[in-house]
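Asker: First the structure, which I've put down as structure tokens, then a few questions once you've had a look.
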Amino acid sequence: MRTGHRKWVITMKETRMNCPSGHGKMLIKRSEKKIKFRGVDLRILVEQYLCPVCGVEAGTIDQTASTQKSISDAYRRAVSLLTGKEIVEARKKLNLNQQALARRMNVGIASIKRWEGSQIQSKSMDHALRLALAGQTSGDICMGNRTFSIPRIKLVLKEFELVLGKNILKKNDKMLFAAKYLWYADMVGHRELGESMTGSTYAALPFGPQLNNYKDLITDIMKADESSAKPLSSEEKKIITRIAMKFVREQLVYDAAHRESVWKRQPNGAIIPYSDSSELTQV
Ligand SMILES: [Zn+2]
């Protein structure tokens, strides 16, 4: 991280911090600094304590946290991601609390708290945030008219395993193949029954459609109790069987997903909306 001083403002107000070398009270120094963060040049305002005698600088925990937030927001502004402040403002405009926004996006409340603070969201999560903050219809587009359910993901995957006669969710699985079966089940369910099967949101990644945020979800999917999910209807079971019979080997479902224009036309990391389900060509 390169830093360089621009201009300084020294305020003479009384402070609580004393110089560690015994020179008495330190001053508050506010300076604009130029830094390079993740390859992007940023200018941020930094507030620190300064000893006017020996020149030593020190920051309190609050000041350090505030600097981190300034870096994060300046970076997010520079690369066109929503800043923490923008997320808070848009959420409050919709009268949502953090829990309600989290529910709308299929993420934990901790993620919302982190993004509203200084953690930088991924491009795909930024897209999901924008959809969720754009209005009530975002849930339908992202989740296919169904409430997200992790036990139901497990239930659908188990049904595939039953038809295929083999495990598709293995230990240390990255869901490279499992997510493709799941995506087809959700999309075809949406196309033919008007709702997805699991309420999952999918992102267009280089290796095909993938369960959005799958790294955060995988452990919960493995641990989930599928008997707590709403049972599959006979129509849903028929769709799963049809998909499984068409793609008896994992490579087939992988290749098919890569032929779908609804995946191909999305930029990397973007959400694949359920409104595209009518354009599937491989099932
Ligand atoms: Zn000093």
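The values are calculated or read from the model by the stated rules, or taken from the named source; none is laboratory data. Just so it is clear, the model here is predicted, and its values are computed rather than measured. Cβ: placed from backbone, ideal geometry, glycine included. Neighbour counts: every protein chain shown. Keep in mind that these areas ignore ligands, DNA and RNA; they rest on the heavy atoms of the full protein, side chains included. Shrake-Rupley method; radii C 1.70, N 1.55, O 1.52, S 1.80 Å.
Asker: Residue 118: away from the ligand (no atom under 16 Å from the Cβ) and open to solvent by 20 Å² or more (accessible area, probe 1.4 Å), yes or no?
Answerer: yes
Asker: Checking residue 38 against (1) more than 21 Å from residue 114 (Cβ to Cβ); (2) away from the ligand (no atom under 15 Å from the Cβ); (3) modelled with pLDDT of 90 or more, which test does it fail?
Answerer: (1)
Asker: Oh, and also: Considering region 41-64 alone, what residues qualify as being open to solvent by less than 50 Å² (accessible area, probe 1.4 Å) and either in contact (Cβ under 8 Å) with a residue 24 or more places away in the chain or near the ligand (Cβ under 9 Å from one of its atoms) (or both)? Quick ask: steps written out before the conclusion?
Answerer: In the first step, residues of region 41-64 are kept if they are open to solvent by less than 50 Å² (accessible area, probe 1.4 Å); the result is 42, 44, 46, 48-51, 55, 58-60, 63.
Within region 41-64, 42, 44, 46, 49, 50, 51, 55, 58, 60 qualify.
Asker: Select from region 13-35 the residues that are at pLDDT below 55 and away from the ligand (no atom under 16 Å from the Cβ) and write down the one among them that is surrounded by the fewest Cβ atoms within 10 Å (Cβ to Cβ). If you could, list the steps in order and put the result at the bottom.
Answerer: Step one: filter region 13-35 for residues at pLDDT below 55, giving 13-15.
Adding the requirement that they be away from the ligand (no atom under 16 Å from the Cβ) leaves 13-14.
Values: 13: 6, 14: 8.
Out of the qualifying residues, it is 13.
Asker: Now a separate question. For residue 171, work out the one condition from (1) without any contact (Cβ under 8 Å) to a residue 24 or more places away in the chain; (2) outside any loop (DSSP other than H, G, I, E, B) it doesn't fulfil.
Answerer: Tallying (1) without any contact (Cβ under 8 Å) to a residue 24 or more places away in the chain; (2) outside any loop (DSSP other than H, G, I, E, B), residue 171 fails exactly one: (2).
So that you can scan it fast, the table gives a plain yes or no per residue for (1) at pLDDT 90 or above; (2) open to solvent by 20 Å² or more (accessible area, probe 1.4 Å); (3) in contact with a helix residue (DSSP H, G or I) (Cβ under 6 Å, 6 or more places away or on another chain):
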| residue | (1), (2), (3) |
| --- | --- |
| 80 | yes, yes, no |
| 97 | yes, yes, no |
| 103 | no, yes, no |
| 114 | yes, yes, no |
| 122 | no, yes, no |
| 135 | no, no, no |
| 153 | yes, no, yes |
| 169 | no, yes, yes |
| 174 | no, yes, no |
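Asker: For residues that are β-branched (Val, Ile, Thr), over 21 Å from the mean Cα position of the chain (by Cα) and part of a helix (DSSP H, G or I), tally how many sit in region 214-255.
Answerer: 5
Asker: While we're looking at this one, here's another question. Provide a single number: the residues in region 202-234 that are on the phi > 0 side of the Ramachandran plot and at pLDDT 90 or above.
Answerer: 1
Asker: Hey, any hits in region 181-198 for a residue that's within 16 Å of residue 260 (Cβ to Cβ) and free of Cβ contacts under 8 Å to residues at least 40 places away in the same chain?
Answerer: The answer is yes; a qualifying residue exists.
Asker: Answer yes or no: is there a residue in region 205-223 that is free of Cβ contacts under 8 Å to residues at least 12 places away in the same chain and more than 25 Å from residue 131 (Cβ to Cβ).
Answerer: Taking every residue of region 205-223 in turn, at least one turns out to be free of Cβ contacts under 8 Å to residues at least 12 places away in the same chain and more than 25 Å from residue 131 (Cβ to Cβ).
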